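The values are calculated or read from the model by the stated rules, or taken from the named source; none is laboratory data. As the structure is a prediction and not an experimental result, all values here were calculated from the model. Ideal geometry is used to build each Cβ from the backbone, glycine not excepted, and the neighbour counts take in all protein chains shown. Ligands, DNA and RNA are excluded from the accessible area calculation, which covers all protein heavy atoms including side chains. Shrake-Rupley method; radii C 1.70, N 1.55, O 1.52, S 1.80 Å.
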Amino acid sequence: IMAACLDLSLGRLPVPGRQLAMGIDQPVFFTNHSRSSKLSDNGEQVVHLIQYNGTGESDPREDERKLEQTMNLLHPHWQKEVVARQYLPNITVVHDYMHIGRRDPMPGPAVAGIEGLYVAGDWASHGEMLADAAAASARRASIQLLKELSAAGESLVPESVFS
């Protein structure tokens with residue numbers, strides 16, 4: 001899954017209370033990471049806008065225009081505050097996802113043919129998305145490893161962990 005991303009460093013946010021926004025009618029997300037992390041020594045605000053493009057083709061200029069338009073809605077006159085700007089027109093957000101035609105619709109946790117190798121990550125989904133997929137696949141890999149160790153006689157954890 002690909003996305004277009006506009007990263008901005010602003011002297012200040014034109015509308016201080018607007019820290020986070022998610023599009024309902026379009027796949028756009030805005031966040032101010034400086035709200036919870038110190039990302040500058042002088043109070044500049046680092047914000048990110050992202051538009052998820054899915055698997056189809058996208059128009060980088062149009063995507064950038066949409067992200068700027070979103071910023072106009074959230075923070076009018078933001079252009080006057082720009083200290084630094086970076087536009088990434090086509091970044092990878094998720095390496096794989098559930099879709100028709102996927103060769104292995106439920107990857108992992110064990111890798112076939114390589115004993116002791118387990119997979120986890122947003123791409124190792126069993127129906128979850130993004131961070132949920134990463135956490136759930138890590139849990140599946142951990143449980144599989146512990147089960148295999150237990151079967152080999154290396155009881156490291158109580159049986160209740162497996163349920």
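Would you mind working out the accessible area per residue for the chain, using a 1.4 Å probe, and quoting it in Å²?
Per residue, the chain has an accessible area of 63 Å².
Round to the nearest 0.05 the FRET efficiency obtained for H48 and H99 when R0 = 35 Å and r is the Cβ-Cβ distance. Numbers along the way, then the final one.
Working: r = 26 Å, r/R0 = 0.75.
Rounded to the nearest 0.05, the efficiency is 0.85.
Determine the calculated [θ] at 222 nm for the chain from helices alone, applying -39500 (n - 2.57) to every DSSP H run no shorter than 4 residues and normalising by the residue count; nearest 500 deg cm²/dmol.
Value at 222 nm, helices only, nearest 500: -7500 deg cm²/dmol.
Sort 66-73, 78-85 for me by packing, meaning the mean count of neighbouring Cβ atoms within 10 Å per residue, highest on top.
Ranking the peptides 66-73, 78-85 by packing returns 66-73, 78-85.
Please give the helix 60-74 orientation as an angle from the longest Cα principal axis of the chain, in degrees from 0 to 90, rounded to the nearest 10.
70
With the full set of protein chains in place, find how many percent of the accessible area of the stretch 29-154 is carbon and sulfur; take the probe as 1.4 Å.
53
For H126 and L149, FRET efficiency with R0 = 30 Å and r from the beta-carbon atoms, rounded to 0.05?
0.85
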